[in-house]
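Inspection log for the structure reproduced underneath, given as structure tokens.
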Amino acid sequence: MKDNISKSIRSNFQVSYQYDVFFTKHLFSFDNLILKEFFHSQTEYQFNKKVLVVIDQGFLNHQPNLIESIHQYFASKIEAVQLVEEFIVLPGGEVSKNQIEDWEMVVSAINKYGIDRHSYIMVIGGGAILDMVGYAASVSHRGIRLIRIPTTVLSQNDSGVGVKNSINYYGKKNFLGTFAPPVAVFNDSSFLVSLEDRDWRSGMAEAIKVSLIKDKDFFNWIELNVSKLTKRELDAMEYLVFECARLHMDHIKNGDPFEFGSSRPLDFGHWFAHKLEYVSNFSIRHGEAVAIGMALDSIYSFLSGNLKEPELNRILKLLKGLGFTLNHPMLQLNGKTQLAIALQEFQEHLGGKLTLLMLDGIGIPKEIYTIDHSLLETAFEQLVRHN
């Protein structure tokens, strides 16, 4: 055999993923069989499977009977799995992604209760705790089955229906994370009733985002239903959540779900929003930051000659009409100095060349690969003056 002969063996395979997002009301009521039917459809392995439940403390405060309802539902309805008696209750909000101790508590419970790869973790709460628990599930035993039950507008229409899991680290949002789809998502619209006005409104930012980059008709619908949405009419919110979730899932199915490329089309308005969340010490909600980020990117799109002024005005009017404040004290203090830092961190998170999504029109996205920093600063100044 000759020396210095290079050889290779190529591996080429695909893994198929499938999961359902269910839309329902009163998930744990005795006459709702959707969760029972899901578990009984998952009986391909004839051995004992467990369910470990993790709950967002903030949500539990508004649903004091939730734990008892879950115990009663599983005891009377579900024979296919064994419910772990002790539930893990953790603080929700972005703090759950910032504190490594919360992630460690979930991993410790997985170990303590013998949650294996064919068992389930069922997480109930807002987007941040879904992210954190999803990350714990995805790295334990190289992947435990995750059931998400989102309880906020934002998590039901965006983060809860996707394939990403993460925690914040090194002062950077989503620095540690995985791409790991859930086995199912259950969106219960009755959970939205207890939301504070701020959280009800915050989640609508992602619906505006996805309408701007994918569906002009959906944008028009949101415009026509501002009054119903601000008055908290549940039927209007149910439609908004469903359409937004559908558009996000269509992108996941037909696009680049694990983001191997540099493009991040669902991150319109997010590159600055993520930085704004951090420099404000998360005093601003994710949706509130995204609203500001979308306003900034829309103004930049207009100044660069792509978005027409009447369309820009419609976007800003809609954001403000839904109650978003397109301002924050951090914009006045050092917002402009954060622009370059935010771009650098966003590119680092993407990998590869800088790729940003701007607008050619409502429902018409445009990828750009360079940014005019002077024009961006002008857009920022106009945003501040607009307020």
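Below, the figures for the structure above:
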{"item": "Contour excess over end-to-end distance, with Cα ends at residue 221 and residue 360 and 0.36 nm allotted per residue", "result": "48.1 nm"}
{"item": "For the stretch 197-386, alpha-carbon Rg relative to the globular expectation (2.2 N^0.38 Å, N residues)", "result": "0.97"}
{"item": "The stretch 55-156 - charge dipole about Cα centre, Lys and Arg +1 at Cβ, Asp and Glu -1, debye rounded to 20", "result": "360 debye"}
{"item": "Degrees between helix 234-254 axis and first principal axis of the chain (Cα, 0 to 90, nearest 10)", "result": "90 degrees"}
{"item": "Listed residues 62, 270, 248, most fluctuating in the chain (Gaussian network, C-alpha, under 10 Å)", "result": "62"}
{"item": "Partners for residue 320 among aspartates and glutamates (Cα-Cα distance below 13 Å; same-chain residues under 8 apart left out)", "result": "223, 288"}
{"item": "Estimated FRET transfer efficiency when R0 is 25 angstrom, pair residue 373-residue 320 (beta carbons, to 0.05)", "result": "0.40"}
{"item": "Fully extended contour minus Cα-Cα distance, from residue 250 to residue 228, at 0.36 nm per residue", "result": "5.3 nm"}
{"item": "Proxy reagent accessibility, fewest Cβ within 10 Å first, across 166, 283, 374", "result": "374, 283, 166"}
{"item": "Cα-based helix-to-principal-axis angle, 270-279 vs the chain, degrees rounded to 10", "result": "80 degrees"}
{"item": "Difference of contour (0.36 nm per residue) and Cα-Cα distance, residue 95 to residue 169", "result": "25.5 nm"}
{"item": "Those chymotrypsin sites (Phe, Trp or Tyr not before Pro) in the stretch 134-205 that DSSP places in a loop and that have at most 12 other beta carbons within 10 Å", "result": "170"}
{"item": "Structure-derived Rg and Dmax of the Cα atoms in Å: which label, when the choices are (1) 21.9, 71; (2) 21.9, 79; (3) 21.9, 85", "result": "(2)"}
{"item": "Euclidean distance between Cα centres, the stretch 208-246 to the stretch 119-191, Å", "result": "23 Å"}
{"item": "Fewest-first sequence of 147, 34, 213 by Cβ atoms within 10 Å of each Cβ", "result": "34, 147, 213"}
{"item": "Relative contact order (percent, whole number), the chain, Cα cutoff 8 Å, 6+ residue spacing", "result": "14 percent"}
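Bear in mind these aren't lab numbers, they're just calculated from the coordinates by the rules spelled out. Keep in mind the model is a prediction, meaning the values are calculated, not measured. Please note: Cβ atoms are built from the backbone with ideal geometry, for glycine as well, and neighbour counts cover all protein chains shown.
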